[in-house]
Amino acid sequence: MTAIAEATLVESHMHYVSSQGANFSQSWLLISQNFQAIAARDGEVQQRSLNGPTARCWQGGLEHFEEDHLLKTCQKVGEEALALLDADNCPNTRCDLILAPDQMLLQIHESIGHPLELDRILGDERNYAGWSFVKPKDFGHLQYGSNLMNVTYAPSNEGQFASFKFDDSGNPAERAFLIKEGRLLRGLGSLESQTRLGQPGVGNFRSSGWNRAPIDRMGNINLEPGESSLNTMIESVESGIYMESNRSWSIDDYRNKFQFGCEFGRLIEQGRLTKIVKNPNYRGVTVPFWTSLSAVGGASEHQAFGTPYCGKGEPNQMIRVGHASPPCLFQNIEVFGADV
Amino acid sequence: MNTAMNKRYIEVLAEQCIKTLMALEELTLNFSGEDQTYVRFNGGHIRQSTSVQQNRVSITFQQSKRRVIFGIDLTGELTSDVALCLSLIERARQEVNILPEDPYCSPIEVSDQSDESHKGEIPQLEDQLADIAKASSHADLAGLLATGRQYRAIRNSKGASHWFENESFFFDYSLYTVNDQGDNKAIKSLYAGREWNSGALSDQIQDNIHQLAQLRQANRTVLPGSYRVFLGPSAVAALVQMFSWGAVSYGAWRRGNSALKKLIEGEMSLSPLFSLTEDFSGGLVPRFNSLGEVANESLPIIEKGRLKQLLTSTRSSREYAVPANGAESSEGLRSPVMDSGTLERPDYLERLGTGLYINNLHYLNWSDLQSARITGMTRYACFWVENGDIVAPIQDLRFDESLFRVFGSELEAVTHEQRTVMNTDTYGQRSLGGSKVPGILVKDFKFTL
């Protein structure tokens, strides 16, 4: 067994002055953590981490380093890495799928956040990260997912990784619904893109540093809580899989066809979590996938994560994003394991 | 770039820092910088232009197996840069004492010296832009022009002194059209080098515009399944890049994170047609690493399907008691070259027969590390081919395949022609390097979505 522990603390200050009269300062204390265990036996290797290697990202301080709690949860990580060595592969089938909040972060990021960026819709990103299946005419009309799907741009959530007061054009960053009851309302673009596209947007013009020009970036993009719970969802599933913690991600340049892998899975049989399965993956197409959303966990299960490594732009820029979600249930999804 | 930021400047700055060291203290100064103009295009127009002059130093301070690293942007004004660096060295001196001993922290031992400069012949920016505008007029073009000077330098307290300077450009672009069904279609291209040639650029873009015509036909629907495929050099370069995600890293293998574990441990082999070398002879990237160690000009990694050596850093060398081979701490390939084969250009389509001609792949990631399985998408100009003739473009497909099949059991032929695919990454600063790869013919390649 190999154990890895990492922490990154970034203190960041920005003073913004513009010829239009803006004059403000913002400061952030950013924390990222990785607690990981790699277990190996008889040629089998399995990796498990606490929420995924890059997901534990917040603004805050020592409250995120509470030693007793961390040691206890890290012990579980080690135990699960060992348990995965003895687990069967995730079956290759179509079934119901419950995603934990630490995988929902990736699902939201890739299949909601990026396709809604107005500069992508305008084609700025076509030569690098890609375009978007979303068209300008879709705003106000496209049914992006089931009516349980409520997605916000939430830059003012205290403690979330990509919270800020103003973007890098001095535009106030304010909470707004991007998708309400499954219907697409607005995209992620600041003043410049809003003018170019003639669509409403949000305050999200951001640069990765002094040597890069700002572009439309995600901030905190959150799936709002629903009325279900993880237990209720599990009880409702006759045959399915529960997956936690991202380990693999890939999506096409229009943000349609995706394939994501997780570190840890458990079968759901007759309304109960049963055996652990290793190498759980799933794939789908964005709008049909979100249309299959059939239950959303409640506020008490709403968890915030993020990543410091969202890449985009030419020249390239790496920036931090945050995503909060409760666990969610999707129906009839293609899941599969590893080669055996 | 500030004209003061040259070899002499770095030498003086380093001397000022190194002479303040006390007993048992060691120092490595790792410099990087660029004077680049980045011009972004969309719709055939300039979208954003950024001029970046940046000089950065990473200061590695070591004492008794304890290490502190600070990074800072330099101003180009010597007095203030010396003061800045000395203040960080003093801070490192204080902080290093509170760190536990790192058993794998290597004492600084290298004292090698090297000096490599590649001058370019690059016209003024306005002339480059005029050439692009003239060659691509009326085309729907998106892309990035990066042009200018880059350097890397190392100085350490044992006397190592390295300098690498490169003056070059790349124009990484794509051209767009709409096909008969109303779908967006595109072709991707790269014009890069040290000598700008207006005629060559124009010819290349005109070729691309001509090729766009093939993409205006209606898409051929290709269902998920297994097909014969020809992968062009850009697609092969994307697959070869995955070898740098731990696959050929000694440390990753020992930690259980190498996708080529079964090759390394002799359980599986790759095709005799597949050879991969870390080859610095092209001069795209310095041979010295961030510790100032110089790798051999050529390091065979895989030869005719069999492992020759893994990339081993000094840290892995100490941790696992094996020889190092000048690898960077990340133990990734810096200048990979895949050997060419015998398949000649006129025969590509005929040998493919019926299947898919794939120019580009997109967004690759491991889907199962232990079996070296990769998922990703086809992108840009990809075609359905029947009986050696291009029939129609395809809609993008998702693949899920193992390196052990693509470069192993299913590898049928390798092209004689190789292409240098320059690294176009610009995170933080413009990257150096690139890969030199051929195209490949694969007997059976799995698409899943």
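Every number in this text was worked out from the coordinates using simple rules, so none of it is lab data. Being a predicted model, the structure only gives us computed values, none of them experimental. Note: ideal-geometry Cβ built from the backbone for every residue, glycine included; neighbour counts use all protein chains shown.
Miscellaneous remarks
- Per-residue Cβ neighbour counts within 10 Å put B:S136, B:S317, A:S300, B:S258 in the sequence A:S300, B:S317, B:S136, B:S258, beginning with the fewest.
- Loop-located GluC sites (Glu not before Pro) in segment B:85-146, at most 16 other Cβ atoms within 10 Å (DSSP): B:E101, B:E109
- In terms of other Cβ atoms within 10 Å, B:W384, A:W290 run from fewest to most in the order B:W384, A:W290.
- Sequence-distant contacts, meaning Cα pairs under 8 Å at least 6 residues apart, place the relative contact order of segment B:139-234 at 24 percent.
- Listed residues B:R255, B:R220, B:R56, most fluctuating in chain B (Gaussian network, C-alpha, under 10 Å): B:R255
- DSSP beta bridges confined to the protein assembly as shown are antiparallel in about 90 percent of cases.
- Greater than 18 Å apart at Cα, pairs in A:K72/A:K278; B:K262/B:K304; B:K65/B:K158; A:K312/B:K436: A:K72/A:K278; A:K312/B:K436
- Within straight-line cross-link reach of B:K446, aspartates and glutamates at Cα separation under 16 Å, skipping those fewer than 8 residues along the same chain: A:D339, B:D368, B:D396, B:D400, B:E401, B:E410, B:E412
- GNM result for chain B, Cα springs below 10 Å: residue of B:T79, B:T354, B:T424 fluctuating most strongly: B:T79
- Here the sum of -39500 (n - 2.57) over DSSP H runs of 4 or more residues, divided by the residues of chain A, equals -4000 deg cm²/dmol at 222 nm, to the nearest 500.
- Estimated inter-spin distance, B:S202 and B:E297, nm [label 7 Å along Cα→Cβ]: 3.8 nm
- C-alpha long axis of helix A:67-85 to longest principal axis of chain A, angle in °: 60 degrees
- Sum of side-chain charges, A:L84 neighbourhood, beta-carbon under 14 Å (Lys, Arg +1; Asp, Glu -1): -2
- Contour minus Cα-Cα distance for B:E15 and B:I72 (0.36 nm per residue): 18.8 nm
- Cα-based reach from A:K135 at 15 Å (exclusive), listing aspartates and glutamates while leaving out same-chain residues under 8 positions away: A:E117, A:D119, A:D124, A:E125, A:D253, B:D183
- Mean separation of Cα pairs under 8 Å and 6 or more residues apart, divided by the residue count, gives segment B:1-150 a relative contact order of 31 percent.
- Net length gained if the chain between B:K262 and B:L125 were fully extended (0.36 nm per residue, minus Cα distance): 44.3 nm
- When you filter the chymotrypsin sites (Phe, Trp or Tyr not before Pro) in segment A:159-260 for DSSP loop state and at most 11 other Cβ atoms inside 10 Å of their Cβ, you are left with A:W210.
- Modelled FRET efficiency - R0 51 Å, A:Q26 with B:Q113, Cβ distances, 0.05 increments: 0.65
- Rough spin-label spacing in nm, given labels placed 7 Å along Cα→Cβ, for B:R8 and B:K158: 3.0 nm
- GNM on chain B, alpha-carbon springs under 10 angstrom: the most fluctuating residue among B:A213, B:A235, B:A135 is B:A213.
- Trypsin sites (Lys or Arg not before Pro) restricted to DSSP loop in segment B:299-351 with at most 16 other C-beta within 10 Å: B:K304, B:K308
- Each of A:C57, A:C74, B:C85 was scored by other Cβ atoms within 10 Å of its Cβ. Arranged with the fewest first, they read A:C74, B:C85, A:C57.
- Residue separation of A:I4 and A:A299 scaled by 0.36 nm, minus their Cα-Cα distance, works out to 103.0 nm of gained length.
- Peptide-level mean, for B:35-43, of C-beta atoms on other protein chains within 10 Å: 4
- For residues of A:274-285, the mean tally of beta carbons on other chains within 10 Å: 2
- Assuming charge only on the beta carbon of Lys and Arg (+1) and of Asp and Glu (-1), the dipole of the protein assembly as shown about its Cα centre is about 320 debye to the nearest 20.
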